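S.K.: Here it is, the structure, as structure tokens.
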Amino acid sequence: MTASAELSSPWSWTLEGVEPPWESGRPSIYGHILAHLRPGEPGLAPGGEDLPDQALVDEGQAVHWAPGALDGIFGPPADPGESEETAWAVAAALRELTRKATAERAAALYGLLVEASAIEYVDPLLSGLLEDERMPQDRLREVARWLATGAPDREAVKIGIALLGLSRDAPQSDLLLVLGRHEELTLYAAVALGNATGEPAQLLWELARQVTGWGRIQVVERLGGTDDPDIAAWLLREGYRNRILIEYTAFTCARGGKLLAALTGGEPDDALLLGAGEILAALIRGREGPAEGIGEYGEGAAVAARYLKHLRRRPSLGLEHLLAVHTLREFLEEAGNEADDPELGWAPRRAALLRDAEALLARPQWHQAVADGLASRDGLAFARAAAAARALEMDVWDLAFERLRRGEDTWSLAVQTDDPERMDRVVALVEERLELDRIAAGPQEELGFGADFRDHAVLDTVLRELRRFPGHGWPLLRAALQSPVVSNRNLAAAALASWGRAVWPPGADFLLRSALAHEPNAGTREVFTRVLAGASLEG
């Protein structure tokens, strides 16, 4: 039968009855998400984050990525030419399937979808399909729904979602909002909603409120140009928050939410004032990445002035404001940064901003608030209070170490010391708690993510600081040099480099040379070689 003949009988074309190309009994991703929805709550119920194909995905990756992270961090390839061949092949398979629905053609398409990463070719695929006037849109829509609702493999579902965005069929929004609840799929749902609906802002906002990780970051980016005052208000009060890093959303929310204008009006509500402080601090912290920082935000100085002005009027403030003001003061006191740029407007305000910041930090209320937080059984409240205590130059090491001894995860706080005796106590606890012989299992290419590598992560935390304590913690370095986790080995070598050969313990040179001979990672071999040669590891 010719292609034209196949298309001549549209009433006979259907995917119903076509044997799915995936194994019988494998649950669909859509069904998995539906089973883990929590009405009235964002995210998914426990167990919902691991999609049905998780085991298959983990087999091909050295790292268990957080949902949405891989596509969010790397995005499409820099060279579009690399993805055009895959896009052409998928488009050709779609044409064949929409001409005649058979199990063989469905399997051919599905095989292409599961072999490639959707992010690498989805853009040229959609562009090509939009230009293809012969593609039957009703059949393409049915293929899209078939993939989006039935497929058990994430890359196929992503393409199904993307194809739904070509239909400009508003009723598809309910399906897209469900699929977008899983953050591995949120980016694709957001793009499809933007393509398929004339007024996507409200739908994107609804989706953004249902996710809290990489999905939140990706949808907020698409809401940054909003003219809707309700969405702008949400960006400043809640939208900037995510489980990954506020730095990713701070600039978009400050600009899209019109932060300066919001602070210039009447007295801000508590949520707006808190958002202003956390966004401002994130912009300052993000000066060197991963997203736009204070140097790209031309209204930063004016926002800081308004923020501090409103704080002065408040008799009682939370520790979040102490941390934000402390970050601002450190930025203003630092030489040679964006605060010196005459085009950013900090210079004429600098002295006044510093006075206001110092006055706020000198308030006596902070010490009691810190004391209350340090006494809390809640780990997050304690960590926030400990950070505030450091800003006030209060010594909380004994409290952090005692909580560590009780089994709480306060390693990162316990290593924040300049006292060798305190660091020795931390090292002794590491030797007591961690099975160093098990860690020294031999070098591999492990990146150390996940529950199986918690001890290795603790070791990393301590190793980063041991470079400041020459000669202390050699048993930890010795085990780390033989660890399967790459970062353990690199950090141990970096500590030896910082110590200097004169203080290396007996056997360190031999062990490092032996480690070099068995090192599987090219970058780590270079680190070992440089350390043995006495060269600097800077950069």
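A quick yes/no check of all residues on (1) at pLDDT below 95; (2) in a helix (DSSP H, G or I); (3) in contact with a Gly (Cβ under 6 Å, 6 or more places away or on another chain); (4) surrounded by fewer than 13 Cβ atoms within 10 Å (Cβ to Cβ):
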{"site": "Leu380", "(1), (2), (3), (4)": "yes, yes, no, yes"}
{"site": "Met394", "(1), (2), (3), (4)": "yes, no, no, no"}
{"site": "Phe401", "(1), (2), (3), (4)": "no, yes, no, no"}
{"site": "Gly407", "(1), (2), (3), (4)": "yes, no, no, yes"}
{"site": "Leu413", "(1), (2), (3), (4)": "yes, yes, no, no"}
{"site": "Glu421", "(1), (2), (3), (4)": "no, yes, no, yes"}
{"site": "Arg425", "(1), (2), (3), (4)": "no, yes, no, no"}
{"site": "Leu429", "(1), (2), (3), (4)": "no, yes, no, no"}
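S.K.: Restricting attention to segment 447-464, and to residues there that are touching a Ser or Thr at 6+ places or on another chain (Cβ under 8 Å) and not β-branched (Val, Ile, Thr), which single residue is surrounded by the fewest Cβ atoms within 10 Å (Cβ to Cβ)? Break it down stepwise before answering.
M.R.: Pass one, segment 447-464, residues touching a Ser or Thr at 6+ places or on another chain (Cβ under 8 Å): 447-448, 456, 459-461.
Pick out the ones that are also not β-branched (Val, Ile, Thr) and you get 447-448, 456, 459-460.
On the way: Leu447: 16, Gly448: 20, His456: 22, Leu459: 28, Asp460: 20.
Among them, the one singled out is Leu447.
S.K.: Consider Arg255 against the criteria (1) at pLDDT 95 or above; (2) more than 21 Å from Ile294 (Cα to Cα): it satisfies all of them except one. Which criterion is unmet?
M.R.: (2)
S.K.: Something else now. Which is closer than 16 Å to Ala69 by Cα and either crowded, with 16+ Cβ neighbours inside 10 Å or assigned by TED's automatic domain parsing to the domain that holds Phe74 (or both), of Gly224, Gly194, Gly215?
M.R.: Of Gly224, Gly194, Gly215, the one residue that is closer than 16 Å to Ala69 by Cα and either crowded, with 16+ Cβ neighbours inside 10 Å or assigned by TED's automatic domain parsing to the domain that holds Phe74 (or both) is Gly215.
S.K.: Right, something else. Of the residues that sit in segment 65-105 and are among the small types (Gly, Ala, Ser) and free of Cβ contacts under 8 Å to residues at least 40 places away in the same chain, which one is surrounded by the most Cβ atoms within 10 Å (Cβ to Cβ)?
M.R.: Ala93
Per-residue answers, yes or no, for (1) part of a loop (DSSP other than H, G, I, E, B); (2) of a type in the set (Gly, Ala, Ser); (3) free of Cβ contacts under 8 Å to residues at least 12 places away in the same chain:
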{"position": "Ala254", "(1), (2), (3)": "no, yes, no"}
{"position": "Leu260", "(1), (2), (3)": "no, no, no"}
{"position": "Glu267", "(1), (2), (3)": "yes, no, no"}
{"position": "Glu278", "(1), (2), (3)": "no, no, no"}
{"position": "Arg287", "(1), (2), (3)": "no, no, no"}
{"position": "Ala304", "(1), (2), (3)": "no, yes, no"}
{"position": "Tyr307", "(1), (2), (3)": "no, no, no"}
{"position": "His310", "(1), (2), (3)": "no, no, no"}
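S.K.: Then there is this: Hey, any hits in segment 143-155 for a residue that's farther than 25 Å from Leu37 by Cβ and either touching a Pro at 6+ places or on another chain (Cβ under 7 Å) or polar (S, T, N, Q) (or both)?
M.R.: Within segment 143-155 (the criterion being farther than 25 Å from Leu37 by Cβ and either touching a Pro at 6+ places or on another chain (Cβ under 7 Å) or polar (S, T, N, Q) (or both)), the answer is no, since none of the residues qualifies.
S.K.: Using beta carbons and a limit of 9 Å, which pairs, at least six apart or on different chains, have the first residue in segment 202-231 and farther than 22 Å from Leu259 by Cβ and touching a residue at least 60 places away in the same chain (Cβ under 8 Å) and the second one hydrophobic (A, V, I, L, M, F, W, C) and not in a helix (DSSP H, G or I)?
M.R.: These pairs meet every condition: Gly213/Ala66; Gly213/Ile244; Trp214/Ala66; Trp214/Ile244; Gly215/Leu185.
S.K.: What is the number of the single condition among (1) of a type in the set (A, V, I, L, M, F, W, C); (2) under 21 Å from Ala352 (Cα atoms); (3) surrounded by fewer than 17 Cβ atoms within 10 Å (Cβ to Cβ); (4) within 20 Å of the chain's Cα centre (by Cα) that Ile284 does not meet?
M.R.: Result: Ile284 passes all but (3).
S.K.: Can you report the number of residues in segment 504-537 which are among the charged types (D, E, K, R) and touching a residue at least 60 places away in the same chain (Cβ under 8 Å)?
M.R.: Matching residues across segment 504-537 total 1.
S.K.: So Val18 ticks every box in (1) modelled with pLDDT of 85 or more; (2) assigned to a helix (DSSP H, G or I) but one. Which box is left unticked?
M.R.: Result: Val18 fails condition (2) only.
S.K.: Name the residues in segment 312-366 that are part of a helix (DSSP H, G or I) and small (Gly, Ala, Ser), would you?
M.R.: Result: Ala324, Ala339, Ala347, Ala351, Ala352, Ala357, Ala359.
S.K.: Just to check your reading of the model, which residue among Ala66, Ala45, Ala35, Ala3 is farther than 23 Å from Leu176 by Cβ, among the hydrophobic types (A, V, I, L, M, F, W, C) and either modelled with pLDDT under 85 or in the same structural domain as Glu206 (by TED's automatic domain parsing) (or both)?
M.R.: On inspection, the qualifying residue turns out to be Ala3.
S.K.: Let me ask another. Test Glu408 against the stated conditions and say whether it is touching a residue at least 40 places away in the same chain (Cβ under 8 Å), in contact with a helix residue (DSSP H, G or I) (Cβ under 7 Å, 6 or more places away or on another chain) and more than 26 Å from Gly277 (Cα to Cα).
M.R.: no
S.K.: Just the residues that are in contact with a Pro (Cβ under 9 Å, 6 or more places away or on another chain) and crowded, with 18+ Cβ neighbours inside 10 Å, please, taken from segment 124-142.
M.R.: Matches in segment 124-142: Pro124, Arg139.
S.K.: Filter segment 128-146 down to residues that are of a type outside the set (Lys, Arg) and free of Cβ contacts under 8 Å to residues at least 40 places away in the same chain and give me whichever is farthest from Ala189 (Cα to Cα).
M.R.: Glu133
S.K.: Among (1) buried (at least 18 other Cβ atoms within 10 Å of the Cβ); (2) over 20 Å from Gln416 (Cα atoms), which single condition is Ala522 missing?
M.R.: Unmet condition: (1).
S.K.: Is there any pair linking a residue in segment 11-25 that is in the same structural domain as Leu147 (by TED's automatic domain parsing) to one that is surrounded by fewer than 17 Cβ atoms within 10 Å (Cβ to Cβ) and of a type in the set (Ser, Thr, Tyr), with Cβ under 9 Å and at least six apart or on different chains, and which?
M.R.: That search, which allows pairs on different chains as well, returns Val18/Thr102.
S.K.: Within segment 289-302, is even one residue without any contact (Cβ under 8 Å) to a residue 40 or more places away in the chain, within 17 Å of Leu245 (Cβ to Cβ), assigned to a helix (DSSP H, G or I) and out of contact with any Phe, Trp or Tyr (no Cβ under 7 Å at 6 or more places or on another chain)?
M.R.: no
S.K.: Could I ask something else about it? Which one of the conditions (1) surrounded by fewer than 20 Cβ atoms within 10 Å (Cβ to Cβ); (2) part of a helix (DSSP H, G or I) does Arg241 fail to meet, given that it meets all the rest?
M.R.: Here Arg241 clears every test but (2).
The values are calculated or read from the model by the stated rules, or taken from the named source; none is laboratory data. None of the values given here were measured: they were computed from a predicted structure. As a convention, Cβ positions derive from the backbone with ideal geometry for all residues, glycine included, and neighbour counts pool all protein chains shown.
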